[in-house]
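Notes to accompany the following structure.
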Amino acid sequence: MTESVLARLLIVGPQGSGKGTQGARIAEALGIPAISTGDVFRANIAGGTELGLQVKAIIDAGDLVSDELTGAVVRDRLAQPDAANGFLLDGYPRNIAQVRDLDEFLAPRGEGLSAVIELDVPRDESIARLHQRAVDQGRADDTEEVIANRLAIYERETAPILDVYRARGIVDAVDGIGALDEVTERILGALAARSISV
Ligand code: ADP
């Protein structure tokens, strides 16, 4: 039997690809915490914390929060005991500088990402889903103009991180079109092929 590999995962995909939903499902299936920087920021905004006040205007405009602040939030979360046996990152790293910051944090702990899931969804489909989410959830950053800004930042800053991880041979591209369960199964299948399983 092959030894199983610890699940230190990252899910990457454009806004509207379903990465938040799939990330939560995969984390649940593997029994590891899903760490979504967007969720952490939104919870802080809702709770009116100092951090929330600092990031609200930036997030409402669809811009990126500073690497320093985001990095501090993630390091703090990853240092908690429940992340010791694996974790799934959603929304971090989101640019090349954050990839380096994460490497610097994980390397001394003898850790590294074991797989990066690239959720593929065509642009038209992700835009359609974001419009639907705007109707359903009324997220402040789901307006037409802000969506366009977030997608542009994704293409310019986030998509290039996949090249870095591809060079490490850890990227699994998964088709994000289909029923929720189907997509989850595809991702779990790709992870199982790397001996990452429950
Ligand atoms: P989406 O992927 O739909 O943009 P997220 O929930 O991942 O939604 O993120 C919401 C917002 O939170 C982003 O638009 C950005 O302002 C901020 N944010 C989340 N993650 C990061 C990050 N790694 N670096 C900087 N800002 C971030």
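The values are calculated or read from the model by the stated rules, or taken from the named source; none is laboratory data. A quick note: this is a predicted structure, and the numbers were derived from the prediction, not measured. Note: ideal-geometry Cβ built from the backbone for every residue, glycine included; neighbour counts use all protein chains shown.
A few comments on the model shown:
- Every pair of residues 6+ apart whose Cβ atoms lie under 9 Å, when the first sits in region 140-167 and is within 18 Å of residue 118 (Cβ to Cβ) and within 14 Å of the ligand (Cβ to nearest atom) while the second is hydrophobic (A, V, I, L, M, F, W, C) and not in a helix (DSSP H, G or I): 153/64; 157/64; 158/12; 159/12; 161/10; 161/12; 161/116
- Residue-level check: of (1) more than 12 Å from the ligand (Cβ to nearest atom); (2) under 23 Å from residue 100 (Cβ atoms), residue 41 misses just (1).
- All positions within region 95-110 that are within 15 Å of the ligand (Cβ to nearest atom) and not in a helix (DSSP H, G or I): 95
- Filter result for the condition that a residue is surrounded by fewer than 21 Cβ atoms within 10 Å (Cβ to Cβ), closer than 30 Å to residue 107 by Cα and touching a helix residue (DSSP H, G or I) at 6+ places or on another chain (Cβ under 7 Å), over 55, 40: 40
- Unmet criterion (only one of (1) over 21 Å from residue 162 (Cα atoms); (2) near the ligand (Cβ under 10 Å from one of its atoms); (3) loosely packed, with under 15 Cβ neighbours inside 10 Å; (4) modelled with pLDDT of 95 or more) for residue 61: (4)
- Residue pairs whose Cβ atoms lie under 9 Å apart, sitting 6 or more positions apart in sequence or on different chains, and linking a residue in region 17-35 that is surrounded by fewer than 21 Cβ atoms within 10 Å (Cβ to Cβ) to a partner that is assigned to a strand (DSSP E or B) and hydroxyl-bearing (Ser, Thr, Tyr), are 20/36; 24/36.
- Any hit, region 94-116, residues being of a type in the set (S, T, N, Q), more than 23 Å from residue 174 (Cβ to Cβ) and surrounded by fewer than 18 Cβ atoms within 10 Å (Cβ to Cβ): no
- The lone criterion from (1) part of a loop (DSSP other than H, G, I, E, B); (2) more than 16 Å from the chain's Cα centre (by Cα) left unmet by residue 92 is number (2).
- Any hit, region 105-119, residues being acidic (Asp, Glu) and modelled with pLDDT under 95: yes
- Hits in region 70-84 - residues which are near the ligand (Cβ under 8 Å from one of its atoms) and surrounded by fewer than 18 Cβ atoms within 10 Å (Cβ to Cβ): none
- Lone qualifier among 186, 194 - being touching a Gly at 6+ places or on another chain (Cβ under 9 Å) and either among the acidic types (Asp, Glu) or farther than 22 Å from residue 94 by Cα (or both): 186
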